1. Go through 163, 230 for me and flag whichever is in the same structural domain as residue 108 (by TED's automatic domain parsing) and either surrounded by fewer than 18 Cβ atoms within 10 Å (Cβ to Cβ) or at pLDDT below 95 (or both).
2. Does the range 119-141 contain any residue that is in the same structural domain as residue 11 (by TED's automatic domain parsing), under 15 Å from residue 13 (Cβ atoms) and not in a helix (DSSP H, G or I)?
3. Read through the list (1) surrounded by fewer than 19 Cβ atoms within 10 Å (Cβ to Cβ); (2) under 23 Å from residue 171 (Cβ atoms); (3) touching a strand residue (DSSP E or B) at 6+ places or on another chain (Cβ under 8 Å), then give the number of the only condition that residue 47 fails.
4. Quick one: residue 74 ticks every box in (1) over 22 Å from residue 168 (Cβ atoms); (2) surrounded by 22 or more Cβ atoms within 10 Å (Cβ to Cβ) except a single one, so which number is it?
């Protein structure tokens, strides 16, 4: 079971703290392949229970050295030096190998601890220039939703914090768990962060009538040759009508949608099965391993093998 600590510092903002508590602190064991979600603690300066999160066990900052992941919520006081005890605890946790994630302006706390020196990071766009000015050794990217640089992750403002939390769930429990949680929270599965290889296609917007039937029909036959004519027939539409509907409701073309679905199926197979790249190519309709590698690299920025090594679902202690 992955262990995770929410670092509740004096200036933590409620919204991002609540996001972390909702994603990691609620028991969602039914979504985890191992049947175990997260062992979550809230770290406070003296280990006193947090009034915001009374259902979570409280520990002092020093205990962050014992968790797998530390989440630092945003701060609304950027000109205040972070608590030295928290800064020290983050450094110790980082040196011990913990993954450290900052939500929104929580990146200022990580920067103060020196954990972002030489790293790529982001924060809310309103404060990106301030982060850059205060910490010139940080490579600040104001145009991305979240970044991952080694064991340190940062997110942009508000909703991007949820994107980063879902990304962490994807890393720990796989795409199926992240997508299921996103559906529970009524948000898109995952939006693209700072690195293309971590994109998971969001679920299709809900469509009605026979187009919904046609899309489900196609998903069940991705291993077979499929054409726009086939989709149009199942939808009871002409090819041009189908193209207009798919563009209006899904934001792409029929062939573009099919291609996205095949990439998505390949991701799921690489994560959750032992199938070879050749077998994955056949089962997702790409035909050959060479074709799959070319399209996979173009879409996600990594090879199928590299993707599997990052996201392969394994049982966790």
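1. On the way: 230 fails: in the same structural domain as residue 108 (by TED's automatic domain parsing).
Being in the same structural domain as residue 108 (by TED's automatic domain parsing) and either surrounded by fewer than 18 Cβ atoms within 10 Å (Cβ to Cβ) or at pLDDT below 95 (or both) holds for just one of 163, 230, which is 163.
2. Of the residues in the range 119-141, the ones in the same structural domain as residue 11 (by TED's automatic domain parsing) are 119-141.
Imposing the further condition that a residue be under 15 Å from residue 13 (Cβ atoms) reduces the set to 123-124, 126-127.
Subsequent filtering for residues that are not in a helix (DSSP H, G or I) retains 123-124.
Yes, because at least one residue in the range 119-141 is in the same structural domain as residue 11 (by TED's automatic domain parsing), under 15 Å from residue 13 (Cβ atoms) and not in a helix (DSSP H, G or I).
3. Every condition holds for residue 47 apart from (2).
4. (1)
The values are calculated or read from the model by the stated rules, or taken from the named source; none is laboratory data. As the structure is a computational prediction, the values presented were derived from the model and not from experiment. As a convention, Cβ positions derive from the backbone with ideal geometry for all residues, glycine included, and neighbour counts pool all protein chains shown.
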